[in-house]
Amino acid sequence: MDSPDIRRYHRNTAFTPAEQAVLISMSVKQSVTEKMAALRQLAAQYSSAEFGADRVRHTFPDFREGVLEYVTRMQEALEKRYEPDAVVFSVICTEAGYSEEKPVYFSNFEEAYSYLNEQHAEYMQPFSAEIHRIPLENARTQVEYIYYWNSEHVLYDMQLRECASSLDLNTCFVAVPLPFAEGDLVKCPDRFGNVNYGVIHGLWNEADDERHREYGDISDMLLNLEGYTANRTHALGGFFHRICDVFSLWLSACTAEELPEDQKYLLLIQDVIQGRMDTFQLLESYGTNQLQSTMQFFHANELGGE
C-alpha cells in the first residue's frame, strides 16, 4: 500500500495472499518488475486452496492461476516493446496542471523511450507519461499495449486494450478499512507527484465491511473529498468543489498546520462536516466575500477550534 498511514494502520493485519496480490497490483510507486516478482513469490509460496480468494471480489475461476496468467501477460507486454512487428509507438506526456500533449510517433520503442527520457529531463513541473504500442494493421493476434510512467519515471503499470477484465488484477476489489473518519483532513498525491488536499465526506465505516466484501467492486475503493482551489481571477479568490473518485489507498493524514496557506479554507468545510458550524454560517461567510475575515477569526482560535 502506497499510503504510509494506511500501511502503518494495517501492520498487523493478516491479509490473505489473494488480497496481497490485488494490493500489490494497485501500487503506483512500485515498478512493474517489482510487482511481478512479488506476485510470483505469492504464487510459489501458497496453493490455490491457501490463497484466500473468498476475501476478494473477482472473476477468476482459480485466483492463484489467474495471478500467474496475469504475470504472464505482463511479461508478454514487456517483451512486445522490442519485437519487430508492424507497429508504431506514440509518446504522450502530461505536465501537472495542463492537458496532455499531442502524441509524438516513433517507429520503434528505443526511440520512443529516448524521447520520453529527454522530456523527463526538460520538464519544469512533474509529469506523467504513456507509451502506446499501436499495430499498423488490425490483425487478430495484435493488441495495443499501453505503458505508464509515474512522476518518478518508474514504469508502474501496463494495459492491454483488448485484455479481458477477468485477467486484470486492477479490477478486483479488496475491502481495506481506513484509519480516517468523516471530516478528516487528508492529502493525496496525484499521478504527477503533486499533493492534493481535501476533507473526507461520505466515508463508509467498518460496519459496512461485510457488505462491501460481499457486494463491493473497485468503485468502493474510491472516495469523494471536499476541496478548495485558490484562483486570483475568481471574484472570491477561490472556490470550494468536490474531488470525485479519489483512490482511498493513496490517502495520508494531514494536520491543519501542514495545509498550505491557500488551502486553509478547508478548515471551514471540516467544521461544517464535523458539526462545529452549520452550512448557513458557511454560505453566509462565503457568499458575502468574508472568507478572509472568517479565516482570520479561525486563525485566532487555533485553526478551527471552538
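The values are calculated or read from the model by the stated rules, or taken from the named source; none is laboratory data. These numbers come from a predicted model, not from an experiment. FYI the Cβ positions are ideal-geometry reconstructions off the backbone, even for glycines, and counts take in every protein chain you see. Note: accessible area is taken over every heavy atom of the protein model, side chains too, but ligands, DNA and RNA are not part of it. Shrake-Rupley method; radii C 1.70, N 1.55, O 1.52, S 1.80 Å.
A few points about this structure:
- In the set (1) open to solvent by less than 60 Å² (accessible area, probe 1.4 Å); (2) among the polar types (S, T, N, Q); (3) at pLDDT below 85, the condition left unmet by Asn108 is number (3).
- Lys80 being free of Cβ contacts under 8 Å to residues at least 12 places away in the same chain, open to solvent by 40 Å² or more (accessible area, probe 1.4 Å) and closer than 19 Å to Trp149 by Cβ: no
- Matching residues in region 43-70 - criterion: being part of a loop (DSSP other than H, G, I, E, B) and more than 26 Å from the chain's Cα centre (by Cα): Tyr46, Ser47, Ser48, Ala49, Glu50, Pro61, Asp62
- Taken over region 249-265, the criterion of being at pLDDT 85 or above and either open to solvent by less than 20 Å² (accessible area, probe 1.4 Å) or in contact with a helix residue (DSSP H, G or I) (Cβ under 7 Å, 6 or more places away or on another chain) (or both) is satisfied by Leu249, Leu251, Ser252, Ala253, Cys254, Ala256, Leu259.
- Top-ranked residue of region 139-164 - restricted to ones that are closer than 24 Å to Ser128 by Cα, open to solvent by 40 Å² or more (accessible area, probe 1.4 Å) and outside any strand (DSSP E or B), ranked as modelled with the lowest pLDDT: Glu162
- Selection status of Glu182, outside any loop (DSSP other than H, G, I, E, B) and modelled with pLDDT of 75 or more: no
- Residues of region 1-19 that turn out to be surrounded by 19 or more Cβ atoms within 10 Å (Cβ to Cβ) and not in a loop (DSSP other than H, G, I, E, B), as a count: 4
- Qualifying residue in region 209-217 (condition: open to solvent by less than 20 Å² (accessible area, probe 1.4 Å), within 22 Å of the chain's Cα centre (by Cα), among the small types (Gly, Ala, Ser) and at pLDDT 75 or above): no
- Residues in region 86-97 that are exposed (fewer than 14 other Cβ atoms within 10 Å of the Cβ) and not aliphatic (A, V, I, L, M): 1 in all.
- As a summary of the residue check, Glu284 satisfies the conditions (1) under 30 Å from Gln30 (Cα atoms); (2) open to solvent by 50 Å² or more (accessible area, probe 1.4 Å); (3) modelled with pLDDT under 65 except for the one numbered (1).
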